[in-house]
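Please read the structure below before turning to the comments.
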Amino acid sequence: MFRAATSSVVKRAVLRSSSRGVPSCATLPGQMSFHASARREEEAKAEALPVESKGGLFGTGLSEWFALPIGVAAAVPMIKLEWYVINEETQLLAVFLAFCVTLYTQGGDAIYKALDEKAVNLLKEHTEAEEKVIAALEHKLEYLKANQNMVNDFEAINAIRSATYEKLNAAGAIKPQHDFKAQVERMLNMIAHEEASVTEKTKVALMSEATASVTEKFSSDKALKKAALDAAIAKLKGGKTGADPVQAAFVQFFKDKAAAAKASKDDSEEKAQREAMIAKMNAVAKNEGFFFEFDAQGAPKMAV
C-alpha cells in the first residue's frame, strides 16, 4: 500500500515539474502519419479536435483548495479503519514531500532562472562567435571579389614592363652617343680654357719683362730719358711731337722677342705645357669615366 501510494505521488510530482520546463511544442501526438499523398477528407474528419483542459482540481475547473477537505474526509475513515497505517515510513514520506514541495514552490523559479540564464549566455556566446565567423567570411569574400581581375592586372603590368624595356633599349642605343658628345665637348671646353689661361699668363709675363727691360734701358741711357721727357712735355703743350721713344722701345722689345723666339729651336716649354695639359685631361677622363683618354702625344684612344 505504501509503495503504491508513494509511486503515485512521485509520478504526479514528476509530471507537474516536467510541465514547467518542457514547452508545449515538445509533446508529440499519439499517432502521426507520414505520406506524400494529399490528405483525404475521411482522415480530416476522423481526426478529433484537441480537448482544452479547464484546469483546477482533476480538470474540473474547481479550485485546487477543494482537495484539502476531500483529502481530510477521505483520510479520517482510512486511518480509523486502519486501511492506511501511519508509521515511520509515512513520516519520512511526508518530510520528503514537504521538502520537494518547498523546493519546487520556493526555489523552483530560481533554479529555472539560473539554468535559463546559463543557456541564454551560452546562446549569446555562440551567436557572437558565429557573427565573427560570418564577418570574417564576408571580408574574405570581398577580398576575393576585389582580386577577381588580378590576372588582367598582372598581364597589363607585364605589357607595360615589356614596352618600357623596349624604350629603354632604344634609349640605351642612343645614350652612349650623347654621352660621348658631351665628353668631347667637355674636353674641348677644357682645352680652350687652358689655352686662354696660358695665353693670359704669357701676356702678363711678356708685359712684365718688357716693362722691366724698357725701364732699365731708359734708366741707363740719359739721351733716351731726355727724349722721353721732351716728348711728354710736347704732348702736354699740344704741339707737334715726333715718335714716342717709350712706345718705340716697347715695339722694338717685342720685335726682338719675336725674332728670338722664331730663331730659337728650344720647345721644352711647349712640351711641358702639353704634358701638363694631357695629364690634367686624363685625370678628368678617369675620374668621370670617359670613353676615351689621351696618349703621350695627345692623341685620343678608347679606354679599355
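The values are calculated or read from the model by the stated rules, or taken from the named source; none is laboratory data. Here the structure is a predicted model, which means the values were calculated and not measured. With ideal geometry, Cβ positions are generated from the backbone for all residues, glycine too; neighbour counts draw on all protein chains shown. Ligands, DNA and RNA are stripped out before the accessible areas are found, and what is left, the full protein with its side chains, is counted by its heavy atoms. Shrake-Rupley method; radii C 1.70, N 1.55, O 1.52, S 1.80 Å.
For the range 264-277, filtered to residues that are modelled with pLDDT of 80 or more and not charged (D, E, K, R), the residue that is farthest from the chain's Cα centre (by Cα) is Ala272. With the structure loaded, tell me whether Ser213 is modelled with pLDDT of 85 or more, open to solvent by less than 80 Å² (accessible area, probe 1.4 Å) and assigned to a helix (DSSP H, G or I) or whether it fails that test. The answer is no for Ser213. What residue, of Asp179, Asp109, is without any contact (Cβ under 8 Å) to a residue 60 or more places away in the chain, open to solvent by less than 100 Å² (accessible area, probe 1.4 Å), assigned to a helix (DSSP H, G or I) and charged (D, E, K, R)? None of the other options fit; the residue is Asp109.
Taken as a whole, the condition of being touching a helix residue (DSSP H, G or I) at 6+ places or on another chain (Cβ under 6 Å), surrounded by 10 or more Cβ atoms within 10 Å (Cβ to Cβ) and either modelled with pLDDT of 85 or more or assigned to a helix (DSSP H, G or I) (or both) applies to Glu89.
Would it be correct to say that Glu117 is out of contact with any Ser or Thr (no Cβ under 9 Å at 6 or more places or on another chain) and open to solvent by 100 Å² or more (accessible area, probe 1.4 Å)? In short, yes. Per the listing Lys132, Lys145, Lys124, the residue uniquely of a type in the set (Lys, Arg) and either over 28 Å from the mean Cα position of the chain (by Cα) or open to solvent by less than 80 Å² (accessible area, probe 1.4 Å) (or both) is Lys124. Val204 meets each of the listed conditions (1) of a type in the set (A, V, I, L, M, F, W, C); (2) open to solvent by less than 60 Å² (accessible area, probe 1.4 Å); (3) under 24 Å from Lys257 (Cβ atoms) apart from (2).
Please verify whether Ala249 is within 19 Å of Phe180 (Cα to Cα) and assigned to a helix (DSSP H, G or I), treating the condition exactly as stated. Considered against the rule, which asks whether it is within 19 Å of Phe180 (Cα to Cα) and assigned to a helix (DSSP H, G or I), Ala249 comes out as no. Answer yes if at least one residue in the range 288-303 is open to solvent by less than 90 Å² (accessible area, probe 1.4 Å) and part of a helix (DSSP H, G or I), and no otherwise. No, the range 288-303 contains no residue that is open to solvent by less than 90 Å² (accessible area, probe 1.4 Å) and part of a helix (DSSP H, G or I). Of all the listed residues (Ala223, Ala261, Ala285, Ala231), the sole one being among the aliphatic types (A, V, I, L, M), more than 30 Å from Phe180 (Cβ to Cβ) and surrounded by 12 or more Cβ atoms within 10 Å (Cβ to Cβ) is Ala231.
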